[in-house]
1. Does segment 72-95 hold any residues that are of a type outside the set (Val, Ile, Thr) and more than 25 Å from Leu197 (Cα to Cα), and which are they?
2. Show the residue pairs that are 6+ apart or on different chains and have beta-carbon atoms under 8 Å apart, the first residue being within segment 164-183 and at negative phi and assigned to a loop (DSSP other than H, G, I, E, B), the second being surrounded by fewer than 16 Cβ atoms within 10 Å (Cβ to Cβ) and among the aliphatic types (A, V, I, L, M).
3. Going by the structure shown, is Trp57 modelled with pLDDT of 95 or more and either closer than 21 Å to Asp127 by Cα or in contact with a Leu (Cβ under 8 Å, 6 or more places away or on another chain) (or both)?
4. Condition (residue is buried (at least 18 other Cβ atoms within 10 Å of the Cβ) and within 23 Å of Val97 (Cα to Cα)) applied to segment 13-24: is it met by at least one residue?
5. Just to be sure, is Ile34 among the hydrophobic types (A, V, I, L, M, F, W, C) and in contact (Cβ under 8 Å) with a residue 60 or more places away in the chain?
6. When only residues in segment 1-40 that are assigned to a loop (DSSP other than H, G, I, E, B) and of a type in the set (Val, Ile, Thr) count, which is farthest from Asp164 (Cα to Cα)?
7. May I ask you to list pairs of residues, at least six apart or on different chains, whose Cβ atoms are under 8 Å apart, with the first in segment 128-154 being more than 17 Å from Arg38 (Cβ to Cβ) and buried (at least 22 other Cβ atoms within 10 Å of the Cβ) and the second being at pLDDT 95 or above and among the polar types (S, T, N, Q)?
8. So which of Gly40, Gly6 ends up being on the phi > 0 side of the Ramachandran plot and under 16 Å from the mean Cα position of the chain (by Cα)?
Amino acid sequence: MSCIKGAFSVDAQIFSRWEDSGNFLVDFRDIVEILSSRSGLKIGFDEAALRVVHDRWLKIAEAWVAELLPESSKHLSHLKMMAILLELICQITPFKVEGAPEQPENHSYQDAGHSLADIPNRMNPADVTRIIDGQSQYIGWQICYHVCKHFEVYRTDKSDPFVDRITERFEMDVVSALLSGRVSAQAAHLILKALFLRD
């Protein structure tokens, strides 16, 4: 389901790495460049807007720890961190997708009877359409879901094995809700928590 896979490295240190705005921007720039290359789309990257996202993300996370969690809690879960980030990406919209996919300069694949989707690492047309339709909201969802999935796959405190339960229809409904501008970080957290719920 993920068109983000391979676009940036997710590991246990990602949140400490992303505390630094430089690291945060490098990863997000890489994501945009790889998505542009794989989709053939021109995806705009607003660095100033992403700096605002980063600054607010850290401040809101700090406020949640201070105001919403028990005193013994020192940090937010990956689900809460990504829910806050998702809300901010949807509000500030640091990405802009422009136009239809560009045709690759090397036409040898087409000449050989292959479709564009056969080009190595090329996105399938359905994913390209979702990026065009979903804009920043879809890209933000993909990033946040991808990070959460990484942590969920490697959790050791659950007895049930990880099962990826997301469907295309569910994802379409989530992105439609995000595009409406009515999904708060708290609501995004519940969506993510429900997707990964297990014993």
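The values are calculated or read from the model by the stated rules, or taken from the named source; none is laboratory data. Since this is a predicted model, take the numbers as computed values, not measurements. Counting neighbours? That spans all protein chains shown, and the Cβs are built from the backbone with ideal geometry, glycine included.
1. Pass one, segment 72-95, residues of a type outside the set (Val, Ile, Thr): 72-83, 85-88, 90-91, 94-95.
Within segment 72-95, Gln91, Pro94, Phe95 qualify.
2. Matching pairs, first to second residue: Asp164/Met1; Ile166/Met1.
3. Considered against the rule, which asks whether it is modelled with pLDDT of 95 or more and either closer than 21 Å to Asp127 by Cα or in contact with a Leu (Cβ under 8 Å, 6 or more places away or on another chain) (or both), Trp57 comes out as yes.
4. There is at least one residue in segment 13-24 that is buried (at least 18 other Cβ atoms within 10 Å of the Cβ) and within 23 Å of Val97 (Cα to Cα).
5. Numbers: among the hydrophobic types (A, V, I, L, M, F, W, C): yes; in contact (Cβ under 8 Å) with a residue 60 or more places away in the chain: no.
Answer is no for this residue.
6. Here is the first cut: in segment 1-40, the residues assigned to a loop (DSSP other than H, G, I, E, B) are 1-13, 19-20, 40.
Add one more test, that the residue is of a type in the set (Val, Ile, Thr), and what stays is 4, 10.
Values: Ile4: 15, Val10: 17 Å.
Residue satisfying both the conditions and the ranking: Val10.
7. Ser136/Thr93; Gln137/Thr93
8. The unique qualifying residue is Gly6.
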